[in-house]
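To start, I am sharing the structure in question, which I have written as structure tokens.
The values are calculated or read from the model by the stated rules, or taken from the named source; none is laboratory data. Just so we're clear, the structure is a prediction, and the values are computed from it rather than from any experiment. Note: ideal-geometry Cβ built from the backbone for every residue, glycine included; neighbour counts use all protein chains shown.
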Amino acid sequence: MTEKPKLGVYICHCGINIAATVDVEEVTEYAQSLPNVVVARNYSYMCSDPGQLLIKNDIKEHGLNRVVVASCSPRMHEPTFRKALQEVGLNPYYLEMANIREQGSWVHEDREAATAKAKTLVAAAVAKVRLLEPLTSREVDAEPAALVIGAGIAGIQAALDIADAGFKVYLVEKSPSVGGRMAQLDKTFPTLDCSACILTPKMVDAANHPNIELLAYSEVEEVGGFVGNFDVKVRKKARYVDVSKCTGCGDCAKECRLANRFPNEFDEGLGKRSAIYLPFPQAVPAKYTIDPEKCLFLTRGRCGKSPKCVDACRAEAIDFEQKDEIVTFKVGAIVVATGFDVFDPAKKPEYGYTDYPNVITGLEMERLVSASGPTGGDIVVHNGEEEITPKEIAFIQCVGSRDQSVGNEYCSRVCCMYTAKQAHLIKDKIPDATVKVYYMDVRAFGKGFEEFYDRVRREGIRYVRGNPSEIFKRGNKLVVKVEDTLTATPLEDEFDLVVLAVGLEPRSDDRKIIDLLRLSQSPDRFFLEAHPKLRPVDTASDGVFLAGCCQGPKDIPDTVAQAKGAAASALIPLARGKVAIDAQVAEVIEDTCRGCGFCVSICPYTAIELVTINRMGHSVEVARVNEALCKGCGSCSAGCLSNSIQPRSFRDRQILPQIAALGGIR
Amino acid sequence: MSAMLLHKEKWSEFTGKLSGKNLWAPAVQGEMKKFARVAEGQTVHLDEDNTTVPPKALVFPQTETLCRFSLGQTDLELPGLDEEMVLLGVRPCDARAMALVEKLFRWDFEDPYYLERRERTTLIGLACNEPDLNCFCSSVGGGPASPEGLDILMSDLGESYLLEDITEKGKALVEEFKDLLEEAPADAVKQKEQLVEDAVAKIKWNVDPEGIPEALPQLWEDPLWEKVSAACLGCGICTYLCPTCHCFDIQDEVEGPAGRRCRMWDSCMFAEYTKHTSGHNPRPTRRERTRNRINHKYSYFVDKFGVIACVGCGRCSNLCPVNIDLIDILRQVKAAR
Amino acid sequence: MSEQFEPNIVAFLCNWCSYAGADLAGTSRIQYPANIKIIRVMCSGRVNPLYVVNALQQGADGVLVSGCHPGDCHYMEGNFYARRRLKLLKELLEFTGVDPRRFNMSWVSASEGHKWKEVVEKAVEDARAAGPFDQFRRRQIGW
Amino acid sequence: MDLDKLRKTAAEIVSRDDVKYLLGWRRGTFGYRVAPYFIEDAAGVDELIFSPLCISNLATYLTLVEKLPVPRGQEPDQRKVALLVKGCDSRAVAQLLVEKGIKREEVVVIGLPCPGMVDRELLAEKYPETEAAAEVKWDGEDFLLVGEGGETAIPRTEVLAEKCRLCRHPNPVISDLTIGEPVEPWATADDSGVAEIEAKETAERWAYWEEQFSKCIRCYSCRNACPLCYCEDCILDRLDPTWVNRAVNFSENTAFHLARAFHLAGRCIECGECERVCPAGIPLGKLNRKLARTVREEYGFEPGLDPEAEPFQAGYKPDDPEEFIL
């Protein structure tokens, strides 16, 4: 028997966030008049300790068995108030929230209208809460392993932390080596550490860690299941090199018929590689890979009399018979660390990136100044006529950032500082060079950033406030056309080299990850965190966490910090060994189920099956829900003609009274 | 009882005047014929066919509010009295049905809703000269000009209508319209009786109910019920449109803190009619339901009130989409005796 | 001059995209008409099309259903089911003479606070133009 | 129609041990009536008929017949039900298989290619019914009325049922055996009934349906006669929650009919039973046919043709129409 509902209704002022627009007294008074309402109160911050205490005391004192909180979005504080109910022994699912802030006071200025709407929303919550049912969430075992997608600095750090905590990690990297973007960098700002020097040890650690299974040159193909129990399918792409035999000597690449014929991706195309290659000298694993799109043997079926790499390899590691391999495993949590792409300046043709070889991107500059880069660290560019050491160098900031015309409204957060760093490095290597930086604003907000910015200005780097409109060639010089907005002077400055400080963009193939993991995107197209302030590494998919630039542009320390945060979050289910299954799952009313199987077809999680039961001596089929698989979406329910499958807390009998209350018919 | 003549040239004046009295008469709405309010001043046209929906719907509405209530208030709000109404062109069978149903509503409890509304209704009947295909009123104690239940009986004599007042209410109404009427000559009544005789003779598809009330209890488990109910769709046509069926359900409609209690037609042919809260249904199939429908009319009502609760209007047989035919059932009952 | 008719709109929003988008509109203080009242469901696939009929019967002048963009559904497919079902309902409503402006459906993602405002404004304007839907109200007739 | 062959086959089938009864038609008790006929033994086949008056869809009975509790220690009757199906009726059988309303092994389907049925009410309007039972036969393209007054030829177009005028599948789509030669599907007529309503202004459409739904007495014959409305506990009968009040008024009637039509979207096989049985003459078939046409034209799907098909409302395609979505 269910006892008679006794409701408490709590209206939050949220300081003045609600109270300034909604007449909370009037709403309270109105709530008091609603059926089964025993207490109605308002308070400045319901979510605060005293606010929660108010509810708890009322539950004890008045024997309340249902609670309505009219405040912010349930997406914000539903867990808070559920917990409060639970703490005084009331089932946490006897709670309904009326969203009178995000969908009330914050979006309606008119006090009268906002108050009237708040009353209606409270009435609907009251109508629903009376019919809610007590639910108990169950727990299932969590797989003590994690998947980390992407092995840049974020992925490596997350993997190391999880592995160090004692759990198995599958670290999946789509390119042949781990390292990611950080491996491409020369020095890091503002400390000027050698990027490779601090990264390489971590790469090696990750590869050698007993708890980490490194799956390089691999891609995640399918993710099924749910937090605690994800089923993962990974495709290990064929390298055509037996990694157990390859010693990384590099003889094959030297002998390759197409040796040094292809732009090296790692060097941003500035250097060359063979059809069989190691992306960069410190690559981990240090194993060669045959590019299947370039290799003569793989594309044409023959390579001279016999492939030269085969002949060159003393370890006999070349294996053209190798096939992609599918690996499946289970994990309890997933960290997404897929990184970023840099903005393609071809989208801003006025800068002539595709026309002039001496207009380059910031990332290309990294390779150019790097001692391990294609020029061995010498800054040499081709000005269209000859190789030169540039003496007059320009940097243009915010290329592809803060630019609505290319669809990127955001600030990429790293370009100001990497420009300062690169300018410094140029001055270091070419002391007589003139370096000018064209900028809109300089954002030097991080630890040591402003100091570094001051330092490079003191070193003679000239900062010109202006957004260049065009780059064109005059003689063997590049001309940057710009207005110095501080002096309102139009300028046409001549340079030997222009570096475009390109911004960061989401990976072009992000869609795949979004589809795999049901992620959302924020307006900037980076992956959306569950809450911008309080759950910055979580996603809307339980058990899936974000690390690094896939969530938004950030520098290395922020990336590492976030990776550690994601690792810590991922460790929660792993360390607990259990995950709670949502109690708000679907339930079949077997008496009326006619076994048509519509719900079985509909369910995206194959959580429903037909089972045979005995109904009054007849064998009949009815639907049955596997509660561990059900996510409570309710698509089955809306497709059930006899309404025999109902998601708990979102049953028809709970929603229809809400509709009636919002409809307002009396 | 007086007998008056209403010449047809005065018909439109007659109905025009009558229309000021909240007059209802048969009207066609699509394929459906039923009693509809006659707009003031409008002439009524009567034809041979009976209505699809019997006039019971006016005194025993399909849905009626018994009272209204609201949360926290102990006082119930009760409906006011309906306006008085006059029904013109009621068939003797349907009027007789009202007389029969009234027995039920006066029985162990006097139902104020029905009785008051019935009290405020004046029925002007129209005798049938041309029985319909399924009519068998004369077999079940009625007839094409049965006065039972009527206040005034009207008979179509060709050039004129013969108006006979049956009740005081009817008499008063005739009196009110006497300017339009004239004393009926003696042969007018004779002519009417001849028409009735002719009409009865035209009824072919009928059955003598003699012995059926006695036989029914004996045939409780007879296989005939299964046979006659096999094709039944379990819909409410035969019962909703039966002039003597009077079963109702009472439900509360609640919207937020207020609501109403209402009474609505129910049908023993519906599966949930006897379904218990437990899920158990003492009449689990259409066999038991069909058996109940016949027994109620031809046995239980006879036991209780001494009369068959069927007036032979033929609606159930005529309107059944799968040809479940009352006469056929009754003939099978007799044959099974 | 008569006062402008203020329609009552009942909206069904999926928790993950549209409801979050409406929350974002709130956090961003994007103003829109108060006529819209939201029922949160986990997925647009949960919206039984008969809810729409029921809402119109119970006092809504317009109904809005909003879910994730195709491909973005938190439950992978729910919005596809919603799309198919609600299309059929829309056809049925139009065929029976319910003003098509009384029913709108939208895809609004968690980041589309501005789109949410536009959708609400359209739904309100549509329903306002269609007028009060008194003809279909659940009425307690016969006194 | 080779009635002898039909009866002989029926007798054979109904004599089988694994067949409980055969569902067919017989002449009704009067006029042009035809009644569904449950034949339990070979002797019963003498009354079996198949004529242009056999319009009712017997597939309805496959799910309508109640399943009584089986007493402990007994086995439920597992015998098959045999039934005669026209083209449209067979689609109901196929759709029931899709929705697992029946199992294939529970039925013996006897297909009857159908040259078109007579609308009894149209016939009675022009040739009034008498208490004597009359017969109608196919006569080439047309019909032949055989009654007390001898034979009367009736042109096909005069009395052909509307659903038959629009029929696209006169031959059974599923059957264990077929009696009679397949008929050539005739030129499909435009659905003028639906088109007429579509041509109206919104307010006129509302007025039209307001008049129609106001007539409804909620006898539920439309629902009960429908071979695909067979939930034992219809949601529209339920009180918790109440989707539709039992009260009979325009608002509730409309909600009822919208729900009924919607539940049949992508399932209705256009047998027209709902409309035929309605005592108020509400053109319910138009609601169903409108949605069926949408499903056919915009989704390329017709229900009740393939027993293996995915149920329409339980499926989707990524490129389903969405022009209506903001």
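Scan the stretch A:284-296 residue by residue and report those that are touching a residue at least 12 places away in the same chain (Cβ under 8 Å) and either in contact with a His (Cβ under 8 Å, 6 or more places away or on another chain) or surrounded by fewer than 23 Cβ atoms within 10 Å (Cβ to Cβ) (or both).
A:285, A:286, A:287, A:291, A:292, A:294, A:295, A:296
Restricting attention to the stretch B:20-39, does a residue exist that is within 14 Å of chain D (Cβ to nearest Cβ), touching a residue at least 24 places away in the same chain (Cβ under 8 Å) and surrounded by 22 or more Cβ atoms within 10 Å (Cβ to Cβ)?
yes
Just to be sure I understand, how many residues within the stretch D:27-53 are among the hydrophobic types (A, V, I, L, M, F, W, C), more than 12 Å from chain B (Cβ to nearest Cβ) and in contact (Cβ under 8 Å) with a residue 12 or more places away in the chain?
So the answer is 5.
Filter the stretch D:233-252 down to the residues that are assigned to a loop (DSSP other than H, G, I, E, B) and within 7 Å of another protein chain (Cβ to nearest Cβ) and list them by number.
D:233, D:240, D:241, D:243, D:245, D:246, D:247, D:248, D:249
Here's a follow-up. If we keep just the residues of the stretch C:114-136 that are of a type in the set (Gly, Ala, Ser) and within 10 Å of chain D (Cβ to nearest Cβ), which is nearest to residue D:255 (Cα to Cα)?
C:130
Separate question: For the stretch D:187-220, which positions are of a type outside the set (A, V, I, L, M), assigned to a loop (DSSP other than H, G, I, E, B) and either under 19 Å from the mean Cα position of the chain (by Cα) or within 14 Å of another protein chain (Cβ to nearest Cβ) (or both)?
Those that are of a type outside the set (A, V, I, L, M), assigned to a loop (DSSP other than H, G, I, E, B) and either under 19 Å from the mean Cα position of the chain (by Cα) or within 14 Å of another protein chain (Cβ to nearest Cβ) (or both): D:188, D:191, D:200, D:201, D:216, D:218, D:219, D:220.
Considering every residue within the stretch B:258-268, establish whether at least one is in a loop (DSSP other than H, G, I, E, B), crowded, with 19+ Cβ neighbours inside 10 Å and touching a Phe, Trp or Tyr at 6+ places or on another chain (Cβ under 9 Å).
Yes.
What residue, among those in the stretch D:305-318 that are more than 9 Å from chain C (Cβ to nearest Cβ) and of a type in the set (D, E, K, R), is nearest to residue C:71 (Cα to Cα)?
The qualifying residue nearest to residue C:71 (Cα to Cα) is D:310.
Considering the stretch B:201-221 alone, what residues qualify as being within 19 Å of residue D:30 (Cα to Cα) and hydrophobic (A, V, I, L, M, F, W, C)?
Result: B:201, B:203, B:205, B:207.
Restricting attention to the stretch B:48-78, report how many residues are more than 21 Å from residue B:100 (Cα to Cα), hydrophobic (A, V, I, L, M, F, W, C) and either more than 7 Å from every other protein chain (Cβ to nearest Cβ) or crowded, with 17+ Cβ neighbours inside 10 Å (or both).
5
Can you tell me which condition residue B:187 does not meet? The list is (1) more than 23 Å from the chain's Cα centre (by Cα); (2) in a strand (DSSP E or B), and all the others hold.
(2)
Tell me yes or no: at least one residue of the stretch D:5-18 is at the interface with chain B (Cβ under 9 Å from one of its Cβ atoms) and without any contact (Cβ under 8 Å) to a residue 60 or more places away in the chain.
no
Let me ask you something else. Could you check the stretch D:120-136 and list, in sequence order, the residues that are under 18 Å from residue D:273 (Cβ atoms) and more than 12 Å from chain B (Cβ to nearest Cβ)?
Residue satisfying the conditions is D:123 alone.
Shifting gears a bit: Mind checking which strands (runs of 3 or more DSSP E) fall wholly inside the stretch A:375-477 and carry at least 1 residues that are surrounded by fewer than 19 Cβ atoms within 10 Å (Cβ to Cβ) and not assigned by TED's automatic domain parsing to the domain that holds residue A:358?
In the stretch A:375-477, no matching strands (runs of 3 or more DSSP E) lie anywhere.
Now for a separate question. Tally time: how many residues in the stretch A:590-625 are more than 9 Å from chain D (Cβ to nearest Cβ) and part of a loop (DSSP other than H, G, I, E, B)?
Here the count works out to 7.
Report whether or not residue A:511 is assigned by TED's automatic domain parsing to the domain that holds residue A:550, within 12 Å of the chain's Cα centre (by Cα), part of a loop (DSSP other than H, G, I, E, B) and surrounded by fewer than 20 Cβ atoms within 10 Å (Cβ to Cβ).
Answer is no for this residue.
Any idea which residue in the stretch C:59-77 is farthest from the chain's Cα centre (by Cα), counting only those that are touching a residue at least 60 places away in the same chain (Cβ under 8 Å) and at the interface with chain A (Cβ under 8 Å from one of its Cβ atoms)?
Looking at residues that are touching a residue at least 60 places away in the same chain (Cβ under 8 Å) and at the interface with chain A (Cβ under 8 Å from one of its Cβ atoms), I get C:74.
Quick one: in the stretch B:230-276, of everything that is of a type in the set (Val, Ile, Thr) and more than 11 Å from chain D (Cβ to nearest Cβ), which residue is nearest to residue D:227 (Cα to Cα)?
By that ranking, first place goes to B:274.
Would you mind finding the one in C:28, C:111 that is within 19 Å of residue A:75 (Cβ to Cβ), touching a residue at least 60 places away in the same chain (Cβ under 8 Å) and at the interface with another protein chain (Cβ under 7 Å from one of its Cβ atoms)?
Exactly one of C:28, C:111 is within 19 Å of residue A:75 (Cβ to Cβ), touching a residue at least 60 places away in the same chain (Cβ under 8 Å) and at the interface with another protein chain (Cβ under 7 Å from one of its Cβ atoms), namely C:111.
Residue-wise test of (1) farther than 30 Å from residue A:35 by Cα; (2) in contact with a Leu (Cβ under 9 Å, 6 or more places away or on another chain); (3) surrounded by 22 or more Cβ atoms within 10 Å (Cβ to Cβ).
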{"residue": "B:221", "(1), (2), (3)": "yes, no, no"}
{"residue": "B:226", "(1), (2), (3)": "yes, no, no"}
{"residue": "B:250", "(1), (2), (3)": "no, yes, no"}
{"residue": "B:280", "(1), (2), (3)": "yes, no, no"}
{"residue": "B:301", "(1), (2), (3)": "yes, yes, no"}
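Considering only residues of the stretch D:289-304 that are more than 12 Å from every other protein chain (Cβ to nearest Cβ), closer than 19 Å to residue D:93 by Cα and not charged (D, E, K, R), which is surrounded by the fewest Cβ atoms within 10 Å (Cβ to Cβ)?
Here the answer is D:303.
Residues being under 15 Å from residue A:247 (Cβ atoms), in a loop (DSSP other than H, G, I, E, B) and either out of contact with any Ser or Thr (no Cβ under 6 Å at 6 or more places or on another chain) or of a type in the set (Phe, Trp, Tyr) (or both): count how many of those fall in the stretch A:285-316.
7
Right, something else. Taking the condition of being under 23 Å from residue D:118 (Cβ atoms) and surrounded by fewer than 22 Cβ atoms within 10 Å (Cβ to Cβ), how many residues in the stretch D:11-25 meet it?
Qualifying residue count for the region: 0.
Then there is this: Inside the stretch A:20-54, can you point out the residues that are free of Cβ contacts under 8 Å to residues at least 24 places away in the same chain and within 38 Å of the chain's Cα centre (by Cα)?
Across the stretch A:20-54, the qualifying residues are A:48, A:49, A:50, A:53.
To continue, here is another question. Look through the stretch A:297-325, keep the residues that are buried (at least 20 other Cβ atoms within 10 Å of the Cβ) and more than 42 Å from the chain's Cα centre (by Cα), and return whichever of them is nearest to residue A:248 (Cα to Cα).
Filtering first and then ranking leaves A:308.
Return a yes/no flag: does the stretch A:590-604 have any residue that is closer than 25 Å to residue D:72 by Cα, of a type in the set (Val, Ile, Thr) and crowded, with 16+ Cβ neighbours inside 10 Å.
yes
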